[in-house]
Amino acid sequence: MRNHVLRNEISQEVHARPFQKLYPEMGVVHVAATCDAEDRVALQDSLSKVMLENSIPLPDDLSRFFHASGETMAVRYEPHNEFYTLTLYQLDERSTGRLHPYWKNFPGAMLCGVEILFEDQSAGVPNPKDYFSNRQVSGSLVMGGAAKVWTDFYPAGEDGLVRVLVQNVSLLSFQAGRLIQRLCEIETYRHTALLALPDAKAVMPQLTEMDKQLAKITHEIASSSNSQDLLTELMLLAARLEELSADTANRFSASEAYFTVLDNRITELREARIEGLQTMAQFVERRLDPARKTCRSAKERIERLSIRIARATELIRSQVDLSIEQQNQQLLSGLNDRSRRQLRLQAKLESFTIIVVTYYAFDLLERSIRNSITIDSLRDDILWWVSVSVPLIAGVLWLYVRRLLKDYGED
């Protein structure tokens, strides 16, 4: 038995993005940015430069996901369809000061970023004001109480990074890696999911205007006799809606997928409340739920409007088909009337046909008798009897013609 050509690829996919072993007293900077195809080479050059400067071994392929670690710094790179994420780890101290000059030089447009300070419980209970000023802080026990997390979800400072403070309680090394990665992904997908919000806000007025136009056309269907014009208007409206759907469908679908991933990552934290603080799940639900509903509403309105236009179009087409069927019936009725008139005219001409056939039959008999009988007296007697039998010949021919035309008369 030979191996399937995709066996190794499928098997390795399960281990494509492993979690790393992490320990407290470290700093993490995670950024997500868009990058054009022409900037991919520059992106790989930036990755190589950072890793060489910090004595981090280079992977075989810089264009795919990788995690590489040195003595004091580690790099995690993950490409996506429309953005990439870069995570830099400062392993030797709870600070990110040395990391900022590196990520700022990477190509692309920054979508979001998060700065994570990972400390041990031995540091004591932190004072949120030391990290988040006077802004509202969300916090919770996570991973079954194995760690505590605080954040204000606010992009502070010149860099615009959201600060997150993580305090270890009883995390294992791989648990710490999972926790840090989930916090990074929450911040990433919280922003990428909202990329559809401007599109949703932009299409809402257009959908409202299309709704009104469709309602006007629908009201005119019953009263208007010009179905062709209404059908043309509906086709133009359907074309506009399909264009709108084509422009936004991918964005709305991606947003829905990102919201789903965000929900999963928050659920995986297994939060428990810290008295006096709202959890991250509560913050995200309260702040992002209106935006999510707006994006979902725009997508659903496009789908519902498309269905309504299809129903209205079908109704008008049925009306047009009924009108065409009535016209066809009238046309067939006119053809039947003309056929009847032709048959009546043929019946009237039937008598003239019998007279003509009788004349030619009598003439044929007379010529035959005159040419074949040489005795004058016998010839005259026979001609007299033929002359007398003309009505009989005419009657026979009339019966014969009637028999021929009987079936046509019934049709």
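Mind computing the radius of gyration and Dmax over the alpha-carbon atoms of the chain? Å is fine for both.
46.0, 158
Roughly how tilted is helix 40-53, in degrees to the nearest 10 and between 0 and 90, from the longest Cα axis of the chain?
On a 0 to 90 degree scale, this one is about 20.
With n ≥ 4 as the cut-off for DSSP H runs, can you work out [θ] at 222 nm for the chain, using -39500 (n - 2.57) per run divided by the number of residues, rounded to the nearest 500? It would help to have the intermediate numbers written out before the result.
Numbers: 10 runs with 246 residues, N = 411.
Calculated mean residue ellipticity at 222 nm is -21000 deg cm²/dmol.
Tell me the volume per residue, in Å³, of the convex hull enclosing the alpha carbons of the range 127-179. Let's see the in-between values first.
Numbers: hull volume 4.5 nm³, N = 53.
Per residue, the Cα convex hull of the range 127-179 comes to 85 Å³.
In the range 101-159, how does Rg compare with the Kirkwood Rh, expressed as the Rg/Rh ratio over alpha carbon atoms?
On the way: Rg = 14.2 Å, Rh = 13.9 Å.
Result for the range 101-159 is an Rg/Rh of 1.03.
Pick from L364, L111, L288 the residue whose mean-square fluctuation is largest in a GNM of the chain, springs joining Cα atoms under 10 Å.
Looking only at L364, L111, L288, the largest GNM fluctuation is found for L364.
Separation between the E82 and V5 pseudo-spin-labels, each 7 Å from Cα along Cα→Cβ, expressed in nm?
About 3.2 nm, to one decimal.
Say we join alpha carbon atoms closer than 10 Å with springs in a Gaussian network model of the chain; which of L117, L161, L236 then has the biggest fluctuation?
Answer for the Gaussian network model of the chain: L236.
Provide the percentage of antiparallel DSSP beta bridges, counting only those with both residues in the range 42-186; round to the nearest 5. Spell out each step's value before the answer.
Details: 23 of 30 bridges.
About 75 percent, rounded to the nearest 5.
Which residues make up the longest stretch of the chain clear of GluC sites (Glu not before Pro) that lie in a DSSP loop with no more than 14 other Cβ atoms within 10 Å, not counting the sites? Display every interim value, and only then the final one.
Values: sites that count: E71, E82, E93, E158, E275.
After excluding every exposed loop site, the longest remaining stretch is 276-411.
What's the center-to-center distance, using Cα atoms, between the range 176-206 and the range 285-356 in Å?
So the two Cα centres are separated by 48 Å.
With a cut-off of 8 Å between alpha carbons and a minimum separation of six or more residues, what is the relative contact order of the chain in percent?
Numbers: 484 pairs, mean separation 57.1, N = 411.
Rounded, it is 14 percent for the chain.
Which values, in whole Å and largest first, are the semi-axes of the equivalent ellipsoid of the range 175-220 obtained as the square root of 5 times each eigenvalue of the Cα gyration tensor?
Values: eigenvalues 392, 17, 3 Å².
Listed largest to smallest, the semi-axes of the range 175-220 are 44, 9, 4 Å.
Classify the range 50-117: rounded, prolate or oblate, from the alpha-carbon gyration tensor (a ≥ b ≥ c, eigenvalue square roots; a/c under 1.5 rounded; otherwise prolate if a/b is larger than b/c)? Before the final figure, lay out each step's value.
Numbers: a/c = 1.85, a/b = 1.15, b/c = 1.61.
Here the range 50-117 falls in the oblate category.
Roughly speaking, what is the stretch gain from E300 to Q206, that is 0.36 nm per residue apart minus the C-alpha to C-alpha distance, in nm to one decimal? Before the final figure, lay out each step's value.
Numbers: separation 94, 0.36 × 94 = 33.84 nm, distance 1.40 nm.
Between E300 and Q206, full extension yields 32.4 nm more.
Can you give the Kirkwood hydrodynamic radius of the range 253-359 from its Cα pairs, in Å with one decimal? Don't jump to the answer; show the numbers that get you there.
Working: mean 1/r = 0.0462 Å⁻¹.
Kirkwood hydrodynamic radius for the range 253-359: 21.7 Å.
May I ask you to derive the FRET efficiency for E38 and R340 from their Cβ-Cβ distance with R0 = 56 Å, giving the value to the nearest 0.05?
Numbers: r = 80 Å, r/R0 = 1.43.
Efficiency at R0 = 56 Å is approximately 0.10.
Determine the per residue accessible area of the chain with all protein chains present and a 1.4 angstrom probe, expressed in square angstrom. Don't jump to the answer; show the numbers that get you there.
Numbers: 24570 Å² over 411 residues.
Spelled out: the 1.4 Å probe surface of the chain, per residue, equals 60 Å².
Longer than 29 Å from Cα to Cα, which of K148/K201; K21/K49; K49/K148; K212/K293; K216/K299; K21/K104 are they? Say none if no pair is. Walk me through the intermediate numbers first.
Numbers: K148/K201 37 Å; K21/K49 24 Å; K49/K148 35 Å; K212/K293 22 Å; K216/K299 23 Å; K21/K104 26 Å.
Violating the 29 Å Cα-Cα cut-off are K148/K201; K49/K148.
Quick check: convex hull of the Cα atoms in the range 78-208, volume per residue, rounded to a whole Å³?
Working: hull volume 21.1 nm³, N = 131.
Per residue, the Cα convex hull of the range 78-208 comes to 161 Å³.
Efficiency by 1/(1 + (r/R0)^6): what FRET value for E314 and A257, r their Cβ-Cβ distance, R0 = 35 Å, to the nearest 0.05?
Working: r = 33 Å, r/R0 = 0.93.
Calculated value: 0.60.
Going by amide H atoms built from the backbone, whose H comes under 5 Å of the H on D120, apart from near neighbours?
E25, N168
Using 0.36 nm per residue of separation minus the Cα-Cα distance, give me the extension gain between D60 and Q330 in nm, one decimal.
Details: separation 270, 0.36 × 270 = 97.20 nm, distance 7.97 nm.
The D60-Q330 span can extend by a further 89.2 nm.
In whole Hz, what ³J(HN,Hα) sequence does the range 330-340 give by Karplus (6.51, -1.76, 1.60; θ = phi - 60°), x for Gly and Pro?
5, 5, 5, 4, x, 5, 5, 4, 5, 5, 5
If you plug each phi of the range 362-369 into the Karplus form 6.51 cos²θ - 1.76 cosθ + 1.60 with θ = phi - 60°, what whole-Hz ³J(HN,Hα) values come out, in order, with x for Gly and Pro?
Going residue by residue, I get 5, 4, 5, 5, 4, 5, 5, 5 Hz, with x marking Gly and Pro.
List the residues, sorted by chain then number, that are 5 or more residues from S138 or on another chain and whose placed amide H is less than 5 Å from its amide H.
The answer is T151, D152.
Probe radius 1.4 Å, ligands and nucleic acids ignored: give me the carbon and sulfur share of the accessible area of the chain as a rounded percent. The partial results should precede the final answer.
Numbers: 12990 of 24570 Å².
Ligands and nucleic acids excluded, carbon and sulfur give 53 percent.
Please compute the length gained on full extension between R287 and A239, using 0.36 nm multiplied by the number of residues separating them and subtracting their Cα-Cα distance.
Details: separation 48, 0.36 × 48 = 17.28 nm, distance 3.55 nm.
Here the answer is 13.7 nm.
Would you mind computing, in nm to one decimal, how far apart the modelled labels at D229 and R402 are, each placed 7 Å from Cα along Cα→Cβ?
So the two model labels end up 6.0 nm from each other.
Output wanted: per-residue J couplings in Hz (rounded whole) for the range 311-323, from phi through Karplus 6.51 cos²θ - 1.76 cosθ + 1.60, θ = phi - 60°, x for Gly and Pro.
Ordered by residue, 3J(HN,Hα) equals 5, 5, 5, 5, 5, 5, 5, 5, 5, 5, 4, 5, 5 Hz.
Could I get the Rg over Rh figure for the range 1-141? Both from C-alpha atoms, Rh via Kirkwood, rounded to two places. Before the final figure, lay out the partial values.
Numbers: Rg = 17.9 Å, Rh = 17.2 Å.
Checking Rg against Rh, the ratio lands at 1.04.
May I ask what percent, to the nearest 5, of DSSP beta bridges between residues of the chain are antiparallel? Provide the component values of the computation, followed by the final result.
Details: 41 of 49 bridges.
In the chain, approximately 85 percent of DSSP beta bridges are antiparallel ones.
So for the range 220-286, what are the equivalent ellipsoid semi-axes in whole Å, largest first, each being the square root of 5 times an eigenvalue of the Cα gyration tensor? Intermediate values should be presented prior to the final figure.
Values: eigenvalues 490, 44, 11 Å².
Calculated on Cα positions only, the semi-axes equal 49, 15, 7 Å.
Compute the acute angle (0 to 90°) between the alpha-carbon long axis of helix 197-223 and the principal axis of greatest extent of the alpha-carbon atoms of the chain; round to the nearest 10°.
The helix 197-223 is inclined about 20 degrees to the chain.
For the range 164-302, what's the radius of gyration and Dmax over Cα atoms, in angstrom?
My reading of the Cα-based Rg and Dmax gives 22.4, 78 Å.
Roughly how many nanometres apart are two label points built 7 Å out from the Cα toward the Cβ at Y360 and L383?
Each label point lies 7 Å from its Cα, and together they span 2.3 nm.
The values are calculated or read from the model by the stated rules, or taken from the named source; none is laboratory data. Predicted model, so just to flag it, every value in this text is computed and none were measured. Cβ atoms come from the backbone with ideal geometry, glycine included; neighbour counts cover every protein chain shown. Calculation scope for accessible area: heavy atoms of the full protein, side chains included, ligands and nucleic acids excluded. Shrake-Rupley method; radii C 1.70, N 1.55, O 1.52, S 1.80 Å.
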